[in-house]
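Novice: Dropping the structure in here first, questions after.
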Amino acid sequence: MNMQQYEWQGTAQRASAAELDAGLRQHMLRVYNYMGLGLVLTGLVAYLVASTPAIYIPIFTSPLKWVVMLAPLAFVFFLSFRIHAVSASTAQMVFWAFCGVMGLSMASIFLVFTGTSIARTFMITAVMFGAMSLYGYTTKADLSRFGAFLMMGLVGIIIASIVNIFLGSTAIQFIVSVAGVLIFTGLTAWDTQRIKEEYAEHYDSESLNKMAVMGALSLYLNFINMFQLLLSLTGSREE
């Protein structure tokens, strides 16, 4: 192989790498756009419901509140188990519906906490999320080895939260909130790296769009849970 062939191969490899990087940046931007718009939709629905007594009184003063609180789980399970069987457009519609229902279930925070503490906690969450997501995207360390521990921790806080519904212990709630913030902070970095590494240039646009929806769902859930747990720790309640 002569020098000209080496130079041609090197040029081709650099061009391929540049194309891959451009495609990855576009994919990650799509993920963050979906997530960001989902948060906006959730916030708008939550604020609208909390500002309308004719909507929130029938919901939060009746067993209907359990339906509203548990409904988002149905959307998460649907996307998790049916994402390969639906089109990208259907996946997007389900994601938007999920974000809207989450807004309905989160309307109560505007009734319990002051607007100032909600805004402050949202900004703190955004900074923490942004820093950890940036770390997950740029780090050369392999975060996959932490995935199993983070998932086990997640299962642990879910079980503890369910048990505490019946116990009503403030000490357990405090421990769950602190542990939950740490776990979802770690999951943000881990999920970001996982989303980045799952991207491949050879995927078709339909598959990439569905991957973007699932990536946005993962990061959205991390953000929302981190926000709610921080709010329970630092939020000022309405008097």
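The values are calculated or read from the model by the stated rules, or taken from the named source; none is laboratory data. The shown structure was predicted, so the numbers you read here are calculated from the model rather than taken from an experiment. In this analysis, Cβ positions are derived from the backbone assuming ideal geometry, glycine residues included, and neighbour counts consider all displayed protein chains. Heavy atoms of the whole protein, side chains included, go into the accessibility calculation; ligands, DNA and RNA do not. Shrake-Rupley method; radii C 1.70, N 1.55, O 1.52, S 1.80 Å.
Novice: Against the conditions (1) touching a residue at least 12 places away in the same chain (Cβ under 8 Å); (2) surrounded by 13 or more Cβ atoms within 10 Å (Cβ to Cβ), where does Gly36 fall short? Just the number, please.
Specialist: Among (1) touching a residue at least 12 places away in the same chain (Cβ under 8 Å); (2) surrounded by 13 or more Cβ atoms within 10 Å (Cβ to Cβ), Gly36 violates only (1).
Novice: Taking the residues in region 72-90 that are under 23 Å from Leu230 (Cα atoms) and among the hydrophobic types (A, V, I, L, M, F, W, C) as candidates, determine which candidate is least open to solvent (accessible area, probe 1.4 Å).
Specialist: Val76
Novice: Please verify whether Met132 is over 17 Å from Asp191 (Cβ atoms), open to solvent by 40 Å² or more (accessible area, probe 1.4 Å) and either in contact (Cβ under 8 Å) with a residue 24 or more places away in the chain or not acidic (Asp, Glu) (or both), treating the condition exactly as stated.
Specialist: no
Novice: Out of Ser80, Ser117, Ser62, which single residue is at pLDDT below 90 and more than 18 Å from the chain's Cα centre (by Cα)?
Specialist: Ser62
Novice: Follow-up question, since we're still on this one. Can you tell me which residues in region 188-209 are in a helix (DSSP H, G or I), open to solvent by less than 80 Å² (accessible area, probe 1.4 Å) and hydroxyl-bearing (Ser, Thr, Tyr)?
Specialist: Thr188, Thr192, Ser207
Novice: Answer with yes or no whether Ala200 is free of Cβ contacts under 8 Å to residues at least 24 places away in the same chain and either on the phi > 0 side of the Ramachandran plot or more than 21 Å from the chain's Cα centre (by Cα) (or both).
Specialist: Spelling it out, Ala200 is indeed free of Cβ contacts under 8 Å to residues at least 24 places away in the same chain and either on the phi > 0 side of the Ramachandran plot or more than 21 Å from the chain's Cα centre (by Cα) (or both).
Novice: Does Ser177 satisfy being closer than 28 Å to Gly235 by Cβ, at pLDDT 80 or above and of a type outside the set (Val, Ile, Thr)?
Specialist: Criteria met by Ser177.
Novice: Determine, yes or no, whether Met93 is open to solvent by 40 Å² or more (accessible area, probe 1.4 Å) and modelled with pLDDT under 90.
Specialist: No, not satisfied.
Novice: Still on this structure: In region 44-66, what residues are open to solvent by less than 60 Å² (accessible area, probe 1.4 Å), in a helix (DSSP H, G or I) and of a type in the set (Val, Ile, Thr)?
Specialist: Within region 44-66, Val45, Val49, Ile59 meet the criteria.
Novice: So which of Gly130, Gly136, Gly100 ends up being part of a helix (DSSP H, G or I), closer than 18 Å to Ile59 by Cα and under 15 Å from the mean Cα position of the chain (by Cα)?
Specialist: Residue meeting the stated conditions: Gly100.
Novice: What is the residue count in region 147-187 for residues that are surrounded by 19 or more Cβ atoms within 10 Å (Cβ to Cβ), among the aliphatic types (A, V, I, L, M) and within 20 Å of Met69 (Cα to Cα)?
Specialist: Total meeting the criteria: 2.
Novice: Taking the residues in region 111-127 that are among the hydroxyl-bearing types (Ser, Thr, Tyr) and surrounded by fewer than 16 Cβ atoms within 10 Å (Cβ to Cβ) as candidates, determine which candidate is farthest from Ser51 (Cα to Cα).
Specialist: Thr116
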